[in-house]
Amino acid sequence: MAEGVLVHESAFVQSNAVVVQGRAGVLLIDPGVTGSELDCLANDLRELGRPVVAGFSTHPHWDHLLWHDRLGGAPRYGTARCAATVRDQLSDAGAKARIAAHLLETEIAGQVPLDLLGLITGLPAETAQIPWDGPEVRIIEHHAHAPGHAALLIAERGVLVAGDMLSDVLIPMLDVNGTADPIEDYLAALRLLEGVAGGVDIVVPGHGSVGGSDQVQARISQDRAYVLALRNGRVPADPRIGPSAKPGWEWVSDVHEGQLRRLAH
Ligand SMILES: [Zn+2]
């Protein structure tokens, strides 16, 4: 999608994996979901002669924490807070079984390899960029959606990897249990992203369509309008929910109803 930046979109909730070419190999961000997709990605990279030299998970949700042994043993990073959250989750012996049980209700039951889930190293707090031999990848950490969530800015390629924000199909999903003021945390994160939006030509959400330069500010504004409506207890007019939702994404309206109830004044 930009020089040296590639994306693979999964059939599962349009999850996007991002590959950034560096000098000796690639950085792999949120690798993907099913075993066959991860295997296919490993094949493609092998054919291109580009080993994975670093991995990064944008946030501590299972669908962003996966890995495949054929992707190799490169260090996998996340923010310190992301890694600590994952460690907490996995210290509970039933965690993977619960994820597997949740997956039984999806179309990818039995297809997701959980062995290497969440084996990430936390970068020291305030780390400004991913330590690797490639284009500078700036870490923009905030508290929206999940603890230790990071957006990644590849400024010299004009690419913003947004994690689970700025989607054209998913509404903002707030971390309603993990923070004292999920609404303000979300608005603060949007301000951070807005602060870098001027130099961004391509925005990649964790789920949904890759957007061009016209989409960056549009999606920030759309997410902000949704969150403000939620704060005011109103039902927001939003193309991602209700009758105008894309086919297959009607379930997002249920998520919205849940958030409206949880955050009701
Ligand atoms: Zn998420």
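The values are calculated or read from the model by the stated rules, or taken from the named source; none is laboratory data. Predicted model, so just to flag it, every value in this text is computed and none were measured. A quick note on method: Cβ atoms are made from the backbone with ideal geometry, for glycine too, and the neighbour counts reach across all protein chains shown. In case anyone asks, the SASA skips ligands and DNA or RNA and just uses the protein heavy atoms, side chains included. Shrake-Rupley method; radii C 1.70, N 1.55, O 1.52, S 1.80 Å.
List of remarks:
- Spin-label model, N177/H102: points 7 Å from Cα along the beta carbon direction are separated by 0.9 nm.
- With the charge dipole of the chain set up from +1 on Lys and Arg Cβ and -1 on Asp and Glu Cβ about the Cα centre, the Cα lying farthest toward the positive end among the listed residues G211, A97, G49 is that of A97.
- log₁₀ of I(q)/I(0) at q = 0.13, 0.16, 0.19, 0.23 Å⁻¹ - segment 28-102, Debye sum with one point per alpha carbon: -0.42, -0.62, -0.83, -1.10
- Derived from the Cα gyration tensor, the three semi-axes of the equivalent ellipsoid of segment 118-261 are 26, 18, 13 Å, largest first.
- Distance (nanometres) between label positions extended 7 Å along Cα→Cβ at L48 and K246: 2.3 nm
- The magnitude of the dipole of segment 1-117, with charges of +1 and -1 set on the Cβ of Lys/Arg and Asp/Glu and taken from the Cα centre, is near 460 debye.
- Fraction of accessible area attributable to carbon and sulfur, segment 1-58 (%, probe 1.4 Å): 50 percent
- Distance distribution P(r), the chain, all Cα-Cα pairs, bin width 10 angstrom from 0: 7, 31, 38, 21, 3, 0 percent.
- Entry note, the chain: the mean residue ellipticity at 222 nm calculated from DSSP H runs of n ≥ 4, each adding -39500 (n - 2.57), is -9500 deg cm²/dmol after division by the residues and rounding to the nearest 500.
- Temperature 20 °C, viscosity 1.002 mPa s: under these conditions the Stokes-Einstein estimate for segment 1-140, based on its Kirkwood radius over C-alpha pairs, is 139 µm² per second.
- At q = 0.21 Å⁻¹ the log10 of I(q)/I(0) for segment 82-127 amounts to -0.76, computed by Debye summation with a single uniform scatterer per C-alpha, solvent ignored.
- Mean Cβ count within 10 Å, highest first, over the residues of peptides 163-170, 11-18: 163-170, 11-18
- Net dipole in debye of the chain [+1 Lys, Arg Cβ; -1 Asp, Glu Cβ; about Cα centre; nearest 20]: 280 debye
- For the pair segment 220-246 / segment 22-57, the C-alpha centres are spaced 35 Å from each other.
- Where the chain is the region considered: accessible area per residue in Å², 1.4 Å probe: 44 Å²
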